[in-house]
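Remarks on the structure that follows.
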Amino acid sequence: MDLGAHGGAGKLRVLEDSRVTRPGAARAGTHPLVPPCDLLPSQVELIDEKGATVQVERFWPELDVELRTMGPGAILIEMIERVHCLASCWCGDSHAFWRIQGGRLVLHEGRVVERRPAAGKPAVGAMLKVEPVTHGCYESSSFEAEPGRPPALVVRRTAMGSFVTAKEQHWFEDGEWKASVVERK
């Protein structure tokens, strides 16, 4: 994937076991208890504009990578680990959000500009890292654009066994990454 179309330099190369990428292979996720159990992990390589590999990250065997343009010169890289769920609300595809900073892949974070009752979350002005989201019963993520606003990554989480929900938003505006956290009980 050429990053130039998304305001970056270099390329991302995604390597996967050919047993999950061959023509006709079902893209239903993998699980270490479901055959074949010996699948190789996926590998994402960040390659600089000179063609040198500068970073390697490993993920579950079946991986989808989406480049999300969030504004001029601002991209989020969504790493979606496809998980074959056996039976659990904690089980599902894992979505992690990365960006390129200082020539490296780093987990995304944004400066908190709004916080409404969210105990244990960073205060206004602090940096908020987006923890990976499992798309099961208690978490979800989506990309949304409200009229007149920049596109935003929206993460929703629910505390199991309660009615406490949290909504995080991350967006790029005025040359920086911003975040808000709203918790409801």
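The values are calculated or read from the model by the stated rules, or taken from the named source; none is laboratory data. For clarity, every value in this text was computed on a predicted model and none was experimentally measured. Cβ: placed from backbone, ideal geometry, glycine included. Neighbour counts: every protein chain shown.
Of the residues Arg13, Arg19, the single one that is surrounded by 11 or more Cβ atoms within 10 Å (Cβ to Cβ), charged (D, E, K, R), assigned to a strand (DSSP E or B) and without any contact (Cβ under 8 Å) to a residue 60 or more places away in the chain is Arg13.
Summed over the range 80-94, residues that are among the polar types (S, T, N, Q) and more than 12 Å from the chain's Cα centre (by Cα) total 1. Considered as a group, the residues in the range 22-37 that are under 24 Å from the mean Cα position of the chain (by Cα) and loosely packed, with under 12 Cβ neighbours inside 10 Å include one that is farthest from Cys91 (Cα to Cα), and that residue is Ala26.
Would you call Ser94 more than 20 Å from Lys129 (Cα to Cα), of a type in the set (S, T, N, Q) and touching a residue at least 40 places away in the same chain (Cβ under 8 Å)? Spelling it out, it is not the case that Ser94 is more than 20 Å from Lys129 (Cα to Cα), of a type in the set (S, T, N, Q) and touching a residue at least 40 places away in the same chain (Cβ under 8 Å).
Can you say whether Gly92 is surrounded by fewer than 18 Cβ atoms within 10 Å (Cβ to Cβ) and either in contact with a Ser or Thr (Cβ under 6 Å, 6 or more places away or on another chain) or in a loop (DSSP other than H, G, I, E, B) (or both), as far as the supplied structure shows? Spelling it out, it is not the case that Gly92 is surrounded by fewer than 18 Cβ atoms within 10 Å (Cβ to Cβ) and either in contact with a Ser or Thr (Cβ under 6 Å, 6 or more places away or on another chain) or in a loop (DSSP other than H, G, I, E, B) (or both). A residue that is closer than 28 Å to Leu63 by Cα, among the polar types (S, T, N, Q) and buried (at least 17 other Cβ atoms within 10 Å of the Cβ) occurs somewhere in the range 166-181.
Just one of the listed residues (Gly51, Gly8) is touching a residue at least 60 places away in the same chain (Cβ under 8 Å), more than 15 Å from the chain's Cα centre (by Cα) and in a loop (DSSP other than H, G, I, E, B), namely Gly8.
Across the range 95-112, the qualifying residues are those that are over 11 Å from the mean Cα position of the chain (by Cα) and not in a strand (DSSP E or B), and the one among them that is nearest to Pro35 (Cα to Cα) is Gly103. When restricted to residues that are farther than 28 Å from Gly103 by Cβ, among the aliphatic types (A, V, I, L, M) and touching a residue at least 40 places away in the same chain (Cβ under 8 Å), the range 22-48 contains 3.
When Thr69 is tested against the conditions (1) outside any strand (DSSP E or B); (2) closer than 25 Å to Ala145 by Cβ, the lone failure is (1).
For the range 130-139, which positions are of a type outside the set (D, E, K, R) and within 11 Å of the chain's Cα centre (by Cα)? If the condition is that a residue be of a type outside the set (D, E, K, R) and within 11 Å of the chain's Cα centre (by Cα), then Val130, Pro132, Val133, Thr134 are the ones that fit.
Tallying residues that are within 17 Å of Ala179 (Cα to Cα) and out of contact with any strand residue (DSSP E or B) (no Cβ under 7 Å at 6 or more places or on another chain) within the range 120-144 yields 2. For the condition in contact with a Lys or Arg (Cβ under 9 Å, 6 or more places away or on another chain) and at pLDDT below 95, Gly71 does not qualify.
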